[in-house]
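The values are calculated or read from the model by the stated rules, or taken from the named source; none is laboratory data. In this text the structure is predicted, and so the values were computed from the model without any measurement. We place every Cβ from the backbone using ideal geometry, glycine too, and count neighbours over all the protein chains shown. Keep in mind that these areas ignore ligands, DNA and RNA; they rest on the heavy atoms of the full protein, side chains included. Shrake-Rupley method; radii C 1.70, N 1.55, O 1.52, S 1.80 Å.
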Number of protein chains: 2
Amino acid sequence: MKPTVHDIARSAGVSLATVDRVLNGRPGVRHVTRERVEGAISALGYVRDVAAANLAKSRTYSFVFILPMNDNPFMISLADEVRGAIGRSGAERTGIRVVDVPPFDPSALVGALEAVLVEKPAGIAFVAIDTPEVRDAVARLAGAGIAMVTLVSDLPDSARDHYAGIDNIAAGRTAASLMGRFLAGRSGTVAVLAGSMLVRDHRERLEGFSAVLQDTFPDVRILSVLEGRDDPELAEMLVADALRRHPEISGIYSLGAGNRGLIRAVQSREADRRPLVIAHELTAPTRAALTDGIIDAVLNQDAGHEVRSAIRVLKAKADGLPVITAQERIRIDIFLKDNLP
Amino acid sequence: MKPTVHDIARSAGVSLATVDRVLNGRPGVRHVTRERVEGAISALGYVRDVAAANLAKSRTYSFVFILPMNDNPFMISLADEVRGAIGRSGAERTGIRVVDVPPFDPSALVGALEAVLVEKPAGIAFVAIDTPEVRDAVARLAGAGIAMVTLVSDLPDSARDHYAGIDNIAAGRTAASLMGRFLAGRSGTVAVLAGSMLVRDHRERLEGFSAVLQDTFPDVRILSVLEGRDDPELAEMLVADALRRHPEISGIYSLGAGNRGLIRAVQSREADRRPLVIAHELTAPTRAALTDGIIDAVLNQDAGHEVRSAIRVLKAKADGLPVITAQERIRIDIFLKDNLP
DNA sequence: CAATTTCTGAGGTACGTAAATCAAAAAATC
DNA sequence: GATTTTTTGATTTACGTACCTCAGAAATTG
C-alpha cells in the first residue's frame, strides 16, 4: 500500500501538522525534527499524491503561451493546437491564456514577458528570440519562480527550464543526408532558401546542412543563402531568379516558411529540369507539392506534440517533479510521397 | 468555475444522491428524473473530475501487459519500457503486471488471455497474433468489460479498442521509397529478409514495400522473400547465400529482426560490392552498422512511446473517456547516419 | 383505499492532501 | 527562574467525488 502523510507522521513520531510543514517547506520546524521526518519520507518511499494535493489546493495551473502573430501555416497550426489544449483545460486543471506578439521583435517579446510577470502564472511557454534582452527577461521571470519553456525556437544558456521543439541542427543534417543520397553521386549545386538568418532555428538548420554536405558529399556545392523572410512572394522571386542565373542547380533546401512561393517557382520550370526539393513543415501546400512530385521530402515537426509536451513539462516543473526525457523529445518526421499520413 | 455534482443537483432540483445514481448508472431513478439530471449535466457542461473520482474510489488501474518472450533487442527494450512504467506506477495510480508468453504461439496467447480474464483487470495490452482463436478470446475479454489494446502488431476487425503501434504498410512504403530514391534510377534486384510471413506486421511491411516498388520504381525487381525467423544465424546464412547466387543484388530490405546476422553477411563482402541496406528498429547493432555505412537507413518505432501510449489509452478506455487520436499515433522514425539521436 | 414497490432526499464517511487555528510544550533569552 | 520565542501537537475544514444507510415520498399494484 502506498504510504500517506499519516504513515510518515506515525513513523517519524510527529504530528500530521509537522509533516505538512516539512513537505511544504513551511517554517517552524527544528532542524533535527525536519531531518527525522525527511528520513521517514525516504525510508517509506513516500511520494506526494499530486492528484489529491491539487484537489486540496483546488489548484488550476495557470499557464501563458506567448505566440508570434505569424500567418504562416505552421504558426497557425501551433495556435490551433494551443486552442485545442484550452478546450481540454477543464479536465486537465489548467488555465491557459494566449498572448500574441509581433514576430521577430525582441523588445515586443520582452514587453509581453514583463506584462505576464505581474499576473504570476505558474508557467510560460514562448517562441524565443535569441537576444540578450530576452535572456535577461527570462532570468527575471525564472527568478520569480515561473516555469519557463521555449517553444519551436530555443534560447540555450538561459534560465529557461526546457525546450519543446526539434533539434534543428539534426534537421539540417538530415536534409543534407537526404539531398546527398537522392542526388546519388551526381555532383551539383544546391540552393538554400531561408526565412532570416536572424532566427536561431534557421541558423541551426543551415549549420547542420552545410556540415554534412561538406563532410559527406564534397562534390555538392552550396550557393549563398536566399533570405525569403518567410514571404511567399519574395521567395518565389528569389528562387526563380536563382534558377535562371544558375541553371546547374540540382537541389533546393527550403529551411523556413514561404514554401508556396518556392513551389510556384519550381513548378514553372519544365518537369525534367526541376531540381530536387527538400522543405520543412507538412502543410497544405507542401503536402500537395509532395504528392505532385514537386517536393521530394518534407521534414516536419508536430505542433500538437510540441504544445502538449510544453504543457506536460510546465506542469511537472510547477510541481517540482521530474520530466520523462525520452517522452518529451520532439521528433523530426520525414515525409516522402509514399508515407504521407 | 467548473460545475460540480452539487451544481447539477441544484440545477436539476434533485438531491446529490440522485445525481450520483445517474452519473454512476445505479438503479432507482425514474426515467423522467434521469432525463432531467442528464439535461442539467449537458446544460452546465459538467465533466466528472477524474482525479477526485479516483481519489474517492481509491482506485488503481490494474493493467496486464502480455509480452512474447522474444530475445531480440526490440522486444527486450519493450519489456524494459514496461518495467519503467511499473516504476512510475505509484504516481500514476496504475498497477501493471507483465505476463510472458512464448513467441508466435497463438494458443499460448489465448491461454494467457483466458488466465488473465479471471483476475478482471481494467485493461490488457498484448502483442497480437492474427488468428481466429485469438480474435475470439479478445471478443470474450472485451465483452467482460476489459479494455483491450494491441501492441506492435495489430488485430484488425476484432473487439480490441485500440492499436498502439506503427502503420506497417506505411513503413514498407517508406522503405521502398527510400530504396528507390537511393538507387536513383539504377535498375537492380532487391532482396527482402523477413522474420516470418505468419506475422501480420511483417506481411504488411512487405505489402507496402512491394506496392510502391512496383508502382514507382518498376525497374527494380524483388527476389522471393527470405524467412529468417528473426534468428541472426539463419539470417546470416540466407543473406550470404542470396548474395552469392544473385550477384546483381543492389539492395536488401530487412523488415524483421535478426539484423546481427544480416550485418555480418553484408560486412563480409568487399566494401564496393555491398548492397544498399534498409532495416527496422534502432538497436545497438543496427546503430553501429548505420554509423559504419553498412546499413543505409533504419526505420524505427519507439518502444517507450508505444508503452506509454498504450497505458494512456487503457486508462481512457477504462474511464470511458475519449482519446486524443493525434497524440496516440505512433510515428515511424527514419534514421540515417547523420541524424542519429 | 390499503399494501406494496419503486424512487428520492438527507446525511454521513471516505479518499490523501493542504491549510488554518489554538493550545501546549520545549527551547532560548534575559 | 521568569519571560519570551520557537517548535510541535491536536483538531478542523475543505477539495470533488463515491458509496453507503435510512427514512420518507411517490407511484404502482391489488
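Figures for the structure shown
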item	result
Residue count for the range B:13-33, restricted to those that are touching a residue at least 12 places away in the same chain (Cβ under 8 Å) and farther than 18 Å from residue B:3 by Cα	1
Filter pass, residue B:78 being away from chain A (no Cβ under 11 Å) and surrounded by 13 or more Cβ atoms within 10 Å (Cβ to Cβ)	yes
Search result, residues across the range A:315-341 that are among the acidic types (Asp, Glu) and under 21 Å from residue A:46 (Cβ atoms)	A:319
Matching residues in the range A:25-66 - criterion: being open to solvent by less than 70 Å² (accessible area, probe 1.4 Å), polar (S, T, N, Q) and within 13 Å of DNA strand D (Cβ to nearest atom)	A:33, A:54
Selection from the range B:321-340 of residues that are assigned to a loop (DSSP other than H, G, I, E, B) and of a type in the set (Val, Ile, Thr)	B:323, B:324, B:330, B:332
In the range B:1-24, the residues that are basic (Lys, Arg) and either within 10 Å of DNA strand D (Cβ to nearest atom) or within 38 Å of the chain's Cα centre (by Cα) (or both)	B:2, B:21
Of the criteria (1) basic (Lys, Arg); (2) closer than 30 Å to residue B:319 by Cα; (3) more than 18 Å from the chain's Cα centre (by Cα), which one residue A:83 fails	(3)
Members of the range A:131-180 found to be β-branched (Val, Ile, Thr) and not in a helix (DSSP H, G or I), listed by number	A:131, A:146, A:149, A:150, A:152, A:166
Matching entry among A:249, A:278 (being on the phi < 0 side of the Ramachandran plot and either without any contact (Cβ under 8 Å) to a residue 40 or more places away in the chain or open to solvent by 10 Å² or more (accessible area, probe 1.4 Å) (or both))	A:249
Cβ-Cβ under 6 Å pairs, at least 6 apart or on other chains, the range B:313-341 side facing chain A (nearest Cβ under 7 Å), far side open to solvent by 30 Å² or more (accessible area, probe 1.4 Å)	B:338/A:173; B:339/A:173
Residues satisfying the stated conditions in the range B:301-336, i.e. among the hydroxyl-bearing types (Ser, Thr, Tyr) and open to solvent by less than 30 Å² (accessible area, probe 1.4 Å)	B:309
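Per-residue answers, yes or no, for (1) away from DNA strand C (no atom under 16 Å from the Cβ); (2) of a type in the set (D, E, K, R):
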| position | (1), (2) |
| --- | --- |
| A:38 | no, yes |
| A:48 | no, yes |
| A:51 | no, no |
| A:55 | no, no |
| A:67 | yes, no |
| A:82 | yes, no |
| A:86 | yes, no |
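To keep it simple, each residue is scored yes or no on (1) open to solvent by 20 Å² or more (accessible area, probe 1.4 Å); (2) under 22 Å from the mean Cα position of the chain (by Cα).
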| position | (1), (2) |
| --- | --- |
| A:164 | no, yes |
| A:181 | yes, no |
| A:191 | no, no |
| A:209 | no, yes |
| A:216 | yes, no |
